[in-house]
Amino acid sequence: SAPPGVVTTPDGWELTVAARDETQLPVHPLTTAVSSREYLAGGTFTGSIKGSGSTELDGGTLEAGYQIGCGINLDKVELKGGVGIGRDVFPIRDEVGIGVGGEIEIVLTAGEVEQVDLVEKEFSGTDSRVTLKDVHITIDGCVGQSFLRSYAILTSSTTDTDDIVAYYGVTKTV
């Protein structure tokens with residue numbers, strides 16, 4: 001796991017969001033397509049609000065999920081072909097010709113990052129936790145290198161304010 005995300009709010013609360021016991025295991029895709037990437041992922045994500053802020057807390061939310069990135073996306077593969085038959089008649093001979101032609105068009109695009117939101121836990125106290133175990137994450141159409149990292153976002157709420165701090169896990173490269 002990466003270092004926690006920590007922030008002190010203007011009204012004096014200290015927000016911390018962290019993860020522990022993270023796992024990110026690449027697995028063979030169920031489709032067996034070379035353009036698919038799949039992972040089993042998990043971890044425990046925690047959020048806490050500490051200190052003696054000048055406002056009254058109303059609780060907050062702890063959101064957790066994964067970001068999966070692909071270096072190069074396969075946009076489309078198109079097969080084009082044709083067959084032709086021709087005949088030429090000359091005074092001393094007839095000629096018949098058959099022509100076959102084909103083309104494969106492969107269109108690649110710049111990669112992208114998909115965010116997979118798994119859970120958003122509302123809480124009323126100062127501490128929250130979510131645990132994920134062997135969550136299946138997949139992306140299709142990826143012909144380049146792929147990347148996976150966890151994230152967690154802690155939001156602290158008062159009557160008039162919301163404060164947010166984020167955590168991003170270690171990036172796994174496959």
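The values are calculated or read from the model by the stated rules, or taken from the named source; none is laboratory data. For clarity, every value in this text was computed on a predicted model and none was experimentally measured. Positions of Cβ are generated from backbone atoms using ideal geometry, with glycine treated the same way; all protein chains shown enter the neighbour counts. Remember, those area values only see protein heavy atoms, side chains included, never the ligands or the DNA or RNA. Shrake-Rupley method; radii C 1.70, N 1.55, O 1.52, S 1.80 Å.
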For Rg/Rh (Cα atoms, Kirkwood Rh), calculated from these coordinates, the label among [x] 0.97; [y] 1.38; [z] 1.47: [y]
Estimated distance in nm for a label pair at S54 and V96, the labels positioned 7 Å out from Cα along Cα-to-Cβ: 9.6 nm
Å² per residue, accessible surface of the range 78-174 at 1.4 Å: 68 Å²
Mean separation of Cα contacts under 8 Å (6+ apart) over length of the range 34-173, as relative contact order %: 41 percent
Whole-angstrom Cα spans of the range 97-174 along principal axes, big to small: 82, 30, 18
Heavy-atom accessible area ranking, 1.4 Å probe, most first, across L118, L79: L79, L118
Nearby aspartates and glutamates by direct alpha-carbon distance to K172 (threshold 16 angstrom, same-chain neighbours under 8 apart not counted): D21, E22, E38, E112, E114, D134
T138/D162 FRET efficiency (R0 22 Å; Cβ-Cβ; nearest 0.05): 0.10
Cross-link reach list, lysines versus K50, counting only Cα pairs under 29 Å and skipping chain neighbours closer than eight places: K121, K133
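Counting Lys +1, Arg +1, Asp -1, Glu -1, what net charge surrounds I85 among other residues with beta carbon under 15 Å of its beta carbon? All intermediate terms of the calculation are to be shown ahead of the outcome.
On the way: positive: R87; negative: D88, D94, E95.
Result for the local shell: -2.
Full-extension gain between E114 and T31, please, as 0.36 nm times their residue separation minus the C-alpha to C-alpha distance. Please list the in-between numbers first.
On the way: separation 83, 0.36 × 83 = 29.88 nm, distance 1.93 nm.
Full-extension gain reported as 28.0 nm.
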Eligible aspartates and glutamates near K80 by straight Cα distance, threshold 14 Å, same-chain separation 8 or greater: E103, E105
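Rank by packing, highest mean first: peptides 105-111, 51-57, 11-17, with packing defined as the count of other Cβ atoms within 10 Å averaged across residues. Can you show the working numbers first?
Values: 105-111: 11.4, 51-57: 13.1, 11-17: 18.4.
With the highest mean Cβ count within 10 Å placed first, the list reads 11-17, 51-57, 105-111.
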